[in-house]
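We did not get these values from a lab; they are worked out from the coordinates using the rules stated. Since this is a predicted model, take the numbers as computed values, not measurements. Here the Cβ is made from the backbone with ideal geometry for all residues, glycine too, and neighbour counts use every protein chain on show.
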Amino acid sequence: MTDYLIAPSILSADFARLGDDVAQVLQAGADVVHFDVMDNHYVPNLTIGPMVCKALRDYGIQAPIDVHLMVKPVDSLVPQFAEAGASIITFHPEASDHIDRTLGLIKEQGCQAGLVFNPATPLSYLDYVMDKVDVILLMSVNPGFGGQSFIDGTLDKLRQARRRIDESGRNIRLEIDGGVKVDNIRAIAEAGADMFVAGSAIFSQPDYKTVIDRMRNELAS
Ligand code: DX5
Ligand code: ZN
């Protein structure tokens, strides 16, 4: 059976009490903390940086932290996030001048590395770096904001990405980010995803455990 990972995006968490909110969502059964970094340059929004990642570690958060960099340039932030306790670091290939170098830098820092694909970004960016990626993250919304609707064309792109992963024979996670909810998570899994970012669908609910359990039920059915 596929080992599915649920990764709440803390973009929709309560920033005034972030440590507690993250601890609570993990307690409710989440596997990974999805940490959205936006720079008001590569994407039109501004969020959080390495200091906040370190603060979560210092607070006692032990789950993997999946840092999604929506920034340009990328490289200078990689060592800072690695030092702050990131487990996975993903970046958008359009935002890096030297994709192979950035992937190498992330791995050198002891983190898992991944590429992120906007809805219109071709998967061909993977052609020469498949041996260096641990995670492929497909955006199912345009990056920058939580609470947007899932773009249906992403299902076909997921199938294509899944085929590439299977052909590579490597153990690469296929992560999906944007508009994931209880009522579409099963179709998304059937298209090949095995790691699910969900921000508003989880944090908008009063009881995180109920919604995470419902997502797991969908995945098990
Ligand atoms: C969007 C971010 C997402 C976002 C997802 O740019 O990368 O992680 O928080 O939020 P929902 O699940 O609400 O679409
Ligand atoms: Zn994200």
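Considering only C-alpha atoms, what is the centroid distance from segment 135-209 to segment 1-26, in Å? After rounding, the separation between the Cα centres reads 16 Å. The trypsin sites (Lys or Arg not before Pro) of segment 77-162 include none that meets both criteria, a DSSP state outside H, G, I, E and B (loop) and at most 11 other C-beta atoms within 10 angstrom of the site's C-beta. Pairwise Cα distances in the chain exceed 28 Å for 21 percent of all pairs. In straight-distance terms, cross-link reach from residue 157 covers every one of the lysines whose alpha-carbon lies under 25 Å from its own, apart from those fewer than eight places away in the same chain; here that gives 72, 132, 181. Of 176, 48, 65, the residue with the greatest mean-square motion in the GNM of the chain, using alpha carbon springs below 10 Å, is 48. Rounded to the nearest 20 debye, the dipole magnitude of the chain is 140 debye, with +1 charges on Lys and Arg beta carbons, -1 on Asp and Glu beta carbons, and the Cα centre as origin. Mean residue ellipticity at 222 nm, helices only, the chain: -10000 deg cm²/dmol; runs of at least 4 DSSP H residues each add -39,500 (n - 2.57), and the sum is divided by the number of residues. Once the C-beta distance of residue 214 and residue 55 is scaled by a Förster radius of 41 Å, the resulting FRET efficiency is 0.85 to the nearest 0.05.
Could you tell me the calculated FRET efficiency between residue 24 and residue 190, based on Cβ-Cβ distance and R0 = 35 angstrom, to the nearest 0.05? Once rounded, the FRET efficiency stands at 0.70.
In this label model, residue 80 and residue 167 are separated by 3.8 nm, measuring between points 7 Å along each Cα→Cβ vector. The distance between label points at residue 127 and residue 40 comes to 3.8 nm (points 7 Å beyond Cα on the Cα→Cβ vector).
Mind checking which of 59, 42, 208 has the largest fluctuation in a GNM of the chain, springs on alpha carbons under 10 Å? Maximum among the listed residues: 59.
Here the 3J(HN,Hα) profile of segment 46-55, calculated from phi with Karplus coefficients 6.51, -1.76 and 1.60 at θ = phi - 60°, is 10, 10, 10, x, x, 4, 6, 4, 5, 4 Hz, Gly and Pro shown as x.
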